[in-house]
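Chemist: Sharing a structure, written as structure tokens. Questions coming.
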Amino acid sequence: MAVDATRDSLQQITDSLRSYLETLKESGVTGLPGRVVAEIPAPVRALPEQAPAVAPAVPPQPVMKKEEAVAVPIQPQDMFVASQLENVTTLEALRAGIGDCRRCKLSQGRTNIVFGVGNPQAEVMFVGEGPGHDEDLKGEPFVGRAGQLLNDIITKGMKMTREEIYIANVVKCRPPENRNPEPDEVATCQPFLLKQIDIIKPRIIVAWGTFAAQTLLQVKTPISRLRGVWHSYHGVKLMPTFHPAYLLRNPNDKRLVWLDIQAVLREMGRL
Ligand code: SF4
């Protein structure tokens, strides 16, 4: 029992460290200063995932049921969210209800609310983390260079059009300096994404990038371990994969995204 507990604890530390490093990598950080590395406690640095005597590698499971999302409670003080959201049945009504939203502090620096675009009856829905600079200016998710790569994945890889898919984000306003959205911001905005999913009723969700996958699944597992296997998000099959912006910096990992997209296409009966 004590050995199991120690192993679980060490695995959690390893996962957290790997997740943190992946987040840095996705943010464009290519290395750590030597001083910081030197300050990492020896026991942590001595815990690579291959440490065989302590934490043997666990093969990924087809579906990680224990990682199913936990519904974010709706803020009771918001009359639209609390009393009317459950009666909203169209995306247009949802967008109207969100209005010129000031419910969280992300409203302070945004240019446009990036609500979402695409087919309101889409079979597959893409979810990113939040708008960046280009998305904020245009009011549309996944534009700019990362958006162009996503378009290539859709048109050249999936043989579909962007209009056949619905694309949205976990939060609808751009975080300053492209930082990750904070927990209170996610908690405030996530009911809108949940409602979009409820209205669209996609068969499949693709979560693009560390933050979107970890937020939807309510886990801290690194994207490198989440991707490639099916998860469940409120009963909808969810495939996490790397963010297109990450792929622009790490083109060698495009082959892994293609594997994930192939799994999506197989599930859709298109491959
Ligand atoms: S991020 Fe969401 S909750 Fe926050 S201001 Fe924008 S739309 Fe409103």
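The values are calculated or read from the model by the stated rules, or taken from the named source; none is laboratory data. As the structure is a prediction and not an experimental result, all values here were calculated from the model. Positions of Cβ are backbone-derived with ideal geometry, glycine not excepted, and every protein chain shown enters the neighbour counts.
Chemist: Starting from the range 167-192, keep only residues that are without any contact (Cβ under 8 Å) to a residue 24 or more places away in the chain and farther than 16 Å from E140 by Cα, then list their pairs with residues that are of a type in the set (D, E) and buried (at least 20 other Cβ atoms within 10 Å of the Cβ) whose Cβ atoms are within a distance under 6 Å, requiring at least 6 positions of separation or different chains.
Modeler: none
Chemist: Which condition does V171 not pass, out of (1) surrounded by fewer than 24 Cβ atoms within 10 Å (Cβ to Cβ); (2) farther than 17 Å from D260 by Cα, if it passes all the others?
Modeler: Unmet condition: (1).
Chemist: Step by step: first the residues of the range 187-199, then only those that are buried (at least 20 other Cβ atoms within 10 Å of the Cβ) and near the ligand (Cβ under 10 Å from one of its atoms), then the one that is nearest to K237 (Cα to Cα). Which residue is that?
Modeler: Only one residue fits best here, namely L193.
Chemist: For the list (1) within 16 Å of the ligand (Cβ to nearest atom); (2) crowded, with 16+ Cβ neighbours inside 10 Å; (3) under 15 Å from the mean Cα position of the chain (by Cα), I need the number of the one condition that T221 fails.
Modeler: Here T221 clears every test but (1).
Chemist: Tell me which residues, restricted to the range 93-129, are of a type in the set (F, W, Y) and near the ligand (Cβ under 10 Å from one of its atoms).
Modeler: The one that is of a type in the set (F, W, Y) and near the ligand (Cβ under 10 Å from one of its atoms): F115.
Chemist: May I ask you to list the residues in the range 227-247 that are touching a helix residue (DSSP H, G or I) at 6+ places or on another chain (Cβ under 6 Å) and among the aliphatic types (A, V, I, L, M)?
Modeler: Those that are touching a helix residue (DSSP H, G or I) at 6+ places or on another chain (Cβ under 6 Å) and among the aliphatic types (A, V, I, L, M): M239, A245, L247.
Chemist: Being more than 16 Å from the ligand (Cβ to nearest atom) and touching a Ser or Thr at 6+ places or on another chain (Cβ under 8 Å) is the requirement here; does R162 meet it?
Modeler: When the stated conditions are applied, R162 passes them.
Chemist: Counting just the residues of the range 200-218 that are of a type outside the set (S, T, Y) and within 16 Å of the ligand (Cβ to nearest atom), which one comes out farthest from L106 (Cα to Cα)?
Modeler: L216
Chemist: If you don't mind, another one. Confirm whether L106 is more than 21 Å from the chain's Cα centre (by Cα) and under 20 Å from E185 (Cα atoms).
Modeler: no
Chemist: With respect to the numbered conditions (1) away from the ligand (no atom under 14 Å from the Cβ); (2) of a type in the set (A, V, I, L, M); (3) closer than 23 Å to V143 by Cβ, which one is the sole condition not fulfilled by V229?
Modeler: Among (1) away from the ligand (no atom under 14 Å from the Cβ); (2) of a type in the set (A, V, I, L, M); (3) closer than 23 Å to V143 by Cβ, the lone unmet condition for V229 is (3).
Chemist: Can you spot a residue in the range 75-89 that is within 16 Å of the ligand (Cβ to nearest atom), of a type in the set (G, A, S) and at pLDDT below 95?
Modeler: yes
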